[in-house]
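The values are calculated or read from the model by the stated rules, or taken from the named source; none is laboratory data. Being a predicted model, the structure only gives us computed values, none of them experimental. Virtual Cβ from ideal backbone geometry, glycine too; neighbours counted across all protein chains shown.
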Amino acid sequence: MADAILTAAAILIFLGVAFGVLRLVLGRTTVDRVAAIDMLTVVSISLIALYAHVAGRSIYLDVALVYGVLSFLAVLAIARYLERGL
């Protein structure tokens, strides 16, 4: 049962990656592309967390946490730049 749940989670994560890349390619505005990149970072954080669970290594959760904080700061910087420039 647990293997089926992990497989379903992996399939959903990879579907999220596919839709994120599709939005990144087809995005008409810069804001669409930034939102797609932010979504891809969130999906990759969930992929890292899933791999940490499968591998039984909790150190990867620290990597995902740092990646999330850096992603948040990068999106804030990009939003500020798009709004009024640096």
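THR41 falls short on exactly one of the conditions (1) within 17 Å of the chain's Cα centre (by Cα); (2) surrounded by fewer than 16 Cβ atoms within 10 Å (Cβ to Cβ); (3) β-branched (Val, Ile, Thr), and that condition is (2).
When each of ARG33, ARG80 is tested for being surrounded by 13 or more Cβ atoms within 10 Å (Cβ to Cβ), modelled with pLDDT under 95 and not hydrophobic (A, V, I, L, M, F, W, C), the lone residue that passes is ARG33.
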